[in-house]
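The values are calculated or read from the model by the stated rules, or taken from the named source; none is laboratory data. Note that the structure is a prediction, hence the values are computed from the model and not measured. Positions of Cβ are generated from backbone atoms using ideal geometry, with glycine treated the same way; all protein chains shown enter the neighbour counts. Remember, those area values only see protein heavy atoms, side chains included, never the ligands or the DNA or RNA. Shrake-Rupley method; radii C 1.70, N 1.55, O 1.52, S 1.80 Å.
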Amino acid sequence: MKRPLPMLKQFLLPVLTLTICLAGSWGCNVTSPSKNIRDTVFIPYMISTMPDPLTIVWSGDWAAAHHLWTTLVGLKADGTPVPRLASSWNFSEDRKKWTFNLVPNRKWSDGSVITTEQVVASLNISLKGTSHTDLSGSIISISGKNDTVVFELKRPVPALLVTLSYIDWAILHPDTVDIGSQKPKLKSTSPVSGQFTLTNVKKASGPVEQLEFIRNKFSVDPITLNINHGFLSYFPDCEWLAMNQDRALAFRSFAENMTEHCRSSLEKEFNIMKLQPTWVIGAQFTASGEKHFSSLERQALLVLLHKDIEKTKPSFGVQRATGLLPPYMFGALSEEEFAVFLTALERSIQKTNFSNLKGKTIRLVTMELWEKWGSFKWLKDALTRIGIHVEAKALPRSEYFNAMGTDAIEQRFDFNFIPTGVGDPDPDGTWQTASKNFFPGSIDLAHVSAAFFETDHTKRAALYKNMAREFLSKASFLPFKFDSPYVGVHKSLKLGDVAPFRAGLTLYDLAPANQ
């Protein structure tokens, strides 16, 4: 089974930095205004040359796009919708008609007025379907008049406001979008509706090395730091960050990549906190792997890997994966529910399926960046303890992506170690993305749709839990850890609302500590 590459890339994690230059150097311990200005926010995500909200390719595109465009609705860290380009909204009693009131004095970055007609045109472009969301089957029409935008729905959509907060629904200037292709795509980033404009791109082999932004003085989005321009740039690893911390204003790093040495060297300058898990780490069977291992053998492997976690107690054992969503999130299996599921699964598997694993060979592949991670080392050792002969291969980043693109990984290897994004505050985005792009054919789209439209909160949670059990039973993807990333903020600053679904740490998540 060939797995689509473009959207898979959005969840792969080579590391980037976000560099910002402050208008002033308050609180940054800078020895010279012209040298070593503390000006960098590091985020561990790739970005495209021209981030396209309609087709998110790399995770870092989310962070970059959130700087360039606004949306009708924003989202707080707890998932609560808040006004953005829409100052307020109301809905009919049957929730099939939603009216959004636009903020006054709206302007594009070139100073021209953002008209209601342009907002409606942009929303209708997103309605055709984006890489992350799809409301095309839910909305009858989107129209506008006199600074109001009206959505007419076929039936109530419980996640409407959350969906409209995704950058997929960015307010784009219609002239910047190519609507002549099969799916709309961005052809230019100017003019934009967000807090910054993209002014320069520095390319490198592999990911983009640097994006340069300048402040959009016409933006209606508030920003708590007086920042005039900045950069989104690549950095290789946490140790590099430690050596360059005199430039760092804030950073985000995966727990897997945050060594004790690196963390201790950064704690003198930064307040470091551990966020809720936003990535699930596991291994995915390839087309070749599904031929060499039967479904019952894959189920047996899922059981045995989690038994190994319980027996060996690795450092990440307390964050056992329970599906595509962390246990604390709405609609996710709890630790207790996952344990019950595993027990029932184990009882349904014949002993011969467990014994058949011994002596088999599994060709395990990952990217060189992830080979260093503790969970990858544990996986190799756990497979060996189970009695499987492991042939492990770590490919350079460019070779890994090329192998993904040419389907070579699906044919040359059996098991692909891969981190996957799961951080949406509402599970709809995670399940829609997984069903369309990660595991086509493995997740029942009818079940995803049923959960998406269910208005009863309890029933909706149960539907997602049942999807998790159904998906895990197929054992094509074996999750075994949720990763909790670290965020470090310079002690002169404080952290504002970080929406957990947003891939990256954005400039407007930071504020002066004394405010």
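Identify all residues within region 75-88 that are in contact (Cβ under 8 Å) with a residue 24 or more places away in the chain, open to solvent by 10 Å² or more (accessible area, probe 1.4 Å) and part of a strand (DSSP E or B); write none if there are none. Leu75, Pro81 - these are the residues of region 75-88 that are in contact (Cβ under 8 Å) with a residue 24 or more places away in the chain, open to solvent by 10 Å² or more (accessible area, probe 1.4 Å) and part of a strand (DSSP E or B). Per the listing Trp378, Trp370, the residue uniquely out of contact with any strand residue (DSSP E or B) (no Cβ under 7 Å at 6 or more places or on another chain), open to solvent by less than 40 Å² (accessible area, probe 1.4 Å) and not polar (S, T, N, Q) is Trp378.
Taking the conditions (1) under 30 Å from Thr80 (Cα atoms); (2) out of contact with any Leu (no Cβ under 6 Å at 6 or more places or on another chain); (3) of a type in the set (S, T, N, Q); (4) buried (at least 19 other Cβ atoms within 10 Å of the Cβ) in turn, Thr322 satisfies each one other than (2).
Please find, within region 112-128, the residue that is surrounded by the fewest Cβ atoms within 10 Å (Cβ to Cβ) out of those that are of a type in the set (Ser, Thr, Tyr) and either within 15 Å of Leu85 (Cα to Cα) or touching a helix residue (DSSP H, G or I) at 6+ places or on another chain (Cβ under 8 Å) (or both).
Going through region 112-128, the residues of a type in the set (Ser, Thr, Tyr) turn out to be 112, 115-116, 122, 126.
Cutting the leftovers down to either within 15 Å of Leu85 (Cα to Cα) or touching a helix residue (DSSP H, G or I) at 6+ places or on another chain (Cβ under 8 Å) (or both) gives us 115-116, 122, 126.
Numbers: Thr115: 15, Thr116: 17, Ser122: 26, Ser126: 27.
Among residues in region 112-128 that are of a type in the set (Ser, Thr, Tyr) and either within 15 Å of Leu85 (Cα to Cα) or touching a helix residue (DSSP H, G or I) at 6+ places or on another chain (Cβ under 8 Å) (or both), the one surrounded by the fewest Cβ atoms within 10 Å (Cβ to Cβ) is Thr115.
Screening Phe413 against (1) closer than 20 Å to Leu302 by Cβ; (2) crowded, with 22+ Cβ neighbours inside 10 Å; (3) under 19 Å from the mean Cα position of the chain (by Cα) leaves a single unmet condition, (3).
Selection of region 325-345 for residues being outside any helix (DSSP H, G or I) and either open to solvent by 40 Å² or more (accessible area, probe 1.4 Å) or touching a helix residue (DSSP H, G or I) at 6+ places or on another chain (Cβ under 6 Å) (or both) yields Leu325, Pro327, Tyr328, Phe330, Gly331, Leu333. Taking the criterion of being modelled with pLDDT of 90 or more and either open to solvent by 10 Å² or more (accessible area, probe 1.4 Å) or not in a helix (DSSP H, G or I) (or both), the residues of region 392-406 that qualify are Ala392, Lys393, Ala394, Leu395, Pro396, Glu399. The condition of being touching a residue at least 12 places away in the same chain (Cβ under 8 Å), within 25 Å of the chain's Cα centre (by Cα) and open to solvent by less than 10 Å² (accessible area, probe 1.4 Å) holds for only one of Ile223, Ile281, that being Ile281. Flag not set for Pro485, criterion: farther than 30 Å from Ala242 by Cα, within 19 Å of the chain's Cα centre (by Cα) and open to solvent by less than 30 Å² (accessible area, probe 1.4 Å). Selection over region 245-276 of residues that are open to solvent by less than 20 Å² (accessible area, probe 1.4 Å) and either assigned to a helix (DSSP H, G or I) or more than 12 Å from Tyr486 (Cβ to Cβ) (or both) gives a count of 4.
Identify, from the list Thr189, Thr197, Thr163, the residue that is of a type in the set (Val, Ile, Thr), within 20 Å of the chain's Cα centre (by Cα) and crowded, with 21+ Cβ neighbours inside 10 Å.
Unique residue meeting the criteria: Thr163.
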